[in-house]
1. Would you call PHE111 at pLDDT 95 or above, open to solvent by less than 60 Å² (accessible area, probe 1.4 Å) and aromatic (Phe, Trp, Tyr)?
2. What's the number of the condition THR189 fails, among (1) over 24 Å from SER66 (Cα atoms); (2) hydroxyl-bearing (Ser, Thr, Tyr); (3) touching a Cys at 6+ places or on another chain (Cβ under 8 Å)?
3. In region 53-108, how many are open to solvent by 40 Å² or more (accessible area, probe 1.4 Å), charged (D, E, K, R), part of a helix (DSSP H, G or I) and closer than 21 Å to SER173 by Cα?
4. Among the candidates LEU62, LEU89, which residue alone is within 23 Å of the chain's Cα centre (by Cα) and at pLDDT below 95?
5. Working only within region 156-166, note down all residues that are of a type outside the set (Phe, Trp, Tyr) and open to solvent by less than 30 Å² (accessible area, probe 1.4 Å).
6. Do you know which residues across region 187-206 are open to solvent by less than 40 Å² (accessible area, probe 1.4 Å) and of a type in the set (Val, Ile, Thr)?
7. Do we have SER93 as in contact with a helix residue (DSSP H, G or I) (Cβ under 9 Å, 6 or more places away or on another chain), without any contact (Cβ under 8 Å) to a residue 60 or more places away in the chain and not aromatic (Phe, Trp, Tyr) here?
8. If you go through region 32-51 one residue at a time, do you hit one that is open to solvent by 40 Å² or more (accessible area, probe 1.4 Å), in a loop (DSSP other than H, G, I, E, B) and either of a type in the set (Val, Ile, Thr) or touching a residue at least 40 places away in the same chain (Cβ under 8 Å) (or both)?
Amino acid sequence: MKNKQEKRSEETKKQILQSAGQLFANKGYDAVTIREIAKDAGCSHTTIYLYFKDKDELLHQLSMPSLQELYKKLQEISTVKTVSAEERLKDISREYVYFCLNNRNMYDIFFNAKSTRVDVEAPELEINKLRLEIFALMKSVMQECLPIANDEQLLAISRIYYYQLNGVLSTYSYQHEPLDVLMERLTPTFDLAIEILLLGFKEKIK
């Protein structure tokens, strides 16, 4: 069994992460300081450094578990070869949108805080490696949908697809409608958007 000191330590760490997440979501990652997090968590800024190396490690611990779970789900969808590539792309799109809307207070932090370009081969932060793996997975399914041999063209098309997904998120991230109801109502529109996008891409690369 854990003693009182170990329990208190775990509670302090949990409170620091909770405060960091709320402040990052409200003010943006770059605008928040360690001292602000400490004040909100009710501890000294030196206490934070007992648990976390720096602000990047706070971002890592807040984001990685959720992103790893998302990646696992997308990977499972992408490997179902009994379903067409186009249907798998729709399923991946729905799963991504659902995840982001379900984490609407944090999805900008999950994907954009300290982010790097998608064509960077060896990002320094582990979170960016995982973000790029998620994008690469989407790109690989996109390649199955389209006869693209040119890597540069595939990257450009995959970026456009990703921009479209995030356009959906910016439109609906402030909706107060229950998420499952929203997804049920809008999934036909999301699917149609993917169909039209692919038709346009196929016409472009003829």
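The values are calculated or read from the model by the stated rules, or taken from the named source; none is laboratory data. All values derive from a computational prediction rather than experimental measurement. Virtual Cβ from ideal backbone geometry, glycine too; neighbours counted across all protein chains shown. Heads up: the accessible areas ignore ligands, DNA and RNA and are worked out on the full protein's heavy atoms, side chains in. Shrake-Rupley method; radii C 1.70, N 1.55, O 1.52, S 1.80 Å.
1. Numbers: at pLDDT 95 or above: no; open to solvent by less than 60 Å² (accessible area, probe 1.4 Å): yes; aromatic (Phe, Trp, Tyr): yes.
In short, no.
2. (3)
3. 5
4. None of the others qualify; the one that does is LEU62.
5. Of all residues in region 156-166, those of a type outside the set (Phe, Trp, Tyr) come to 156-160, 164-166.
The answer is ILE157, SER158, LEU165.
6. Across region 187-206, the qualifying residues are THR187, ILE194, ILE205.
7. Details: in contact with a helix residue (DSSP H, G or I) (Cβ under 9 Å, 6 or more places away or on another chain): yes; without any contact (Cβ under 8 Å) to a residue 60 or more places away in the chain: no; not aromatic (Phe, Trp, Tyr): yes.
No, not satisfied.
8. Of the residues in region 32-51, the ones open to solvent by 40 Å² or more (accessible area, probe 1.4 Å) are 33, 35-36, 39-40, 42, 44-46, 49-51.
If we keep only those that are in a loop (DSSP other than H, G, I, E, B) as well, we get 33, 42, 44.
Checking which are either of a type in the set (Val, Ile, Thr) or touching a residue at least 40 places away in the same chain (Cβ under 8 Å) (or both) leaves us with 33.
Checked region 32-51: at least one residue is open to solvent by 40 Å² or more (accessible area, probe 1.4 Å), in a loop (DSSP other than H, G, I, E, B) and either of a type in the set (Val, Ile, Thr) or touching a residue at least 40 places away in the same chain (Cβ under 8 Å) (or both).
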